[in-house]
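Before any comments, here is the structure.
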Amino acid sequence: LGLAADAIGAGRLTEARRLHARVEPRGWRSRVRHQWVAAEIELAGGHAERAVGPAEVAAATAREAGATRHILKSDLVLGTALVVWGTPESVDRGVRLLHCDLNHTDQRGLFSLHWPTGLVLANVLADRSIADAGNVKDSFENALSCVLRRADPLGRRLAVQSPWIPSPLLRSGEPPNADPETNFLTD
């Protein structure tokens, strides 16, 4: 399952599908993760509408187990699938879910979930010209900054290569005072 997730990140969707199909989940954690990867494969393949089903199953399974972190990540995956799907109903539901997720991840200090939730939410709110997008953006950037400061050298190198990490956060200092000539992850 981890190899399938890695293949998604590398853009090798055929390989990801093949590896994912070989996994037989055992226990609630692996069932949740199996559904996350199924949803992520569909999202990466441009089929958000097909990602919603597995994301719903992951969220329900995590709720049955009462596992807070898994619930919040499942809601992130589901909210993302819903807003990317792009129907008016799915976007509204996804935005509500992501707002709730953002609040819970912030309250619990789960920065590794808070910043991607905020990133998705800020993008959809910006697309909808909602004034709250700026507050969400500040929130996720602060959370990501905390994650990056605590990352080990390998994590920092991966962050530099990621298209998801806002480049001002890779520089020394805190936005908006970051020094554009210095990169705290590589210097």
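The values are calculated or read from the model by the stated rules, or taken from the named source; none is laboratory data. Just so we're clear, the structure is a prediction, and the values are computed from it rather than from any experiment. Virtual Cβ from ideal backbone geometry, glycine too; neighbours counted across all protein chains shown. With ligands, DNA and RNA removed, areas are computed over all heavy atoms of the protein, side chains included. Shrake-Rupley method; radii C 1.70, N 1.55, O 1.52, S 1.80 Å.
Remarks
- The accessible area of TRP28, taken with all protein chains in place and a 1.4 Å probe, comes to roughly 70 Å².
- Measuring r between the beta carbons of ALA60 and ARG96 and using R0 = 25 Å, the FRET efficiency lands at 0.90.
- Stretchable slack from ARG22 to ALA67, in nm (0.36 nm times residue separation minus alpha-carbon distance): 13.7 nm
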